[in-house]
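J.: What follows is a structure written as structure tokens; I'll ask about it next.
Values quoted throughout were computed directly from the atomic coordinates according to the rules given, and no laboratory measurement underlies them. As the structure is a computational prediction, the values presented were derived from the model and not from experiment. Cβ coordinates were reconstructed from backbone atoms using ideal geometry, including for glycine residues, and neighbour counts include every protein chain displayed.
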Amino acid sequence: MQFIYPIKIYSAWNIGQPFGANWVDYSQFGFKGHNGFDFPAERGEPIYAVHDGWIIEQAAKDTGFGLRISQRIRADGKHYLVVYGHMLRLENPVDVPWNWTDLSRPVKQGQIIGYVDSTGYSTGDHLHLGLYEYDLFGNKLNNNNGYGGAIDPYPYIGAEESMLEIVLDNGTYWIVGNKAKLGIHGEDALAFWRRLTDKERVGSTAGIPSVGTWERLGFGVDPD
């Protein structure tokens, strides 16, 4: 299964809070960490379907993911659900109640489905991308994995290794893209890199600009 980026990647800053980060924030919901992957973007930025599939829910809630789309995907003999959260508006503004078996709304990879905002439980404009595995009958799997059944979507996006590296700068690990530090550092950086490459690797700190104090990008929590 191969995803595309759900928003246009203009710079390294388009990669924000990774899966599993900020366990303290999410422990209040019984999670071991962030239950998806966040892509910071300007309000109104188009959101693209990451894979072919079917829209089985379009709904607005005051909490959790806010205005969201749920997309069913069938790939490699398995069934998945992708959640796109915190939207400003939908490309097709029709209320769609959840229905796993309703395949009347197909969507193609790369098709615009909505627009970025900060609706629901969120503190800044971004897209929350959540991924879940289901069985054929619409039963969510992995419910006891510590993330409400969510699994890390980033390995399916297939970021080029040339785009990202991990560096050690003044005793702290950072994820770096295009010679700019991302907002992922410390233990979160190490965990992210292990998931991405399945091994530990340290690059060079050469060429990293001096920009003062860097802080991890955070955009609230997404408990749904």
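J.: What distance in nm separates the simple spin-label points at Asp169 and Glu91, each placed 7 Å from Cα in the Cβ direction?
T.: That separation, rounded to one decimal, is 3.6 nm.
J.: Going 7 Å from the Cα of Asp62 along its beta-carbon direction, which residues of region 114-153 have the amide nitrogen within less than 15 Å of the resulting point?
T.: Under cut-off, by backbone N: 119-122.
J.: Given Cα positions, please report Rg to Rh for region 32-121, the hydrodynamic radius being the Kirkwood one.
T.: The Rg/Rh ratio comes out at 0.95.
J.: If we count every other residue with Cβ under 10 angstrom of Arg43's Cβ, Lys/Arg +1 and Asp/Glu -1, where does the sum land?
T.: -4
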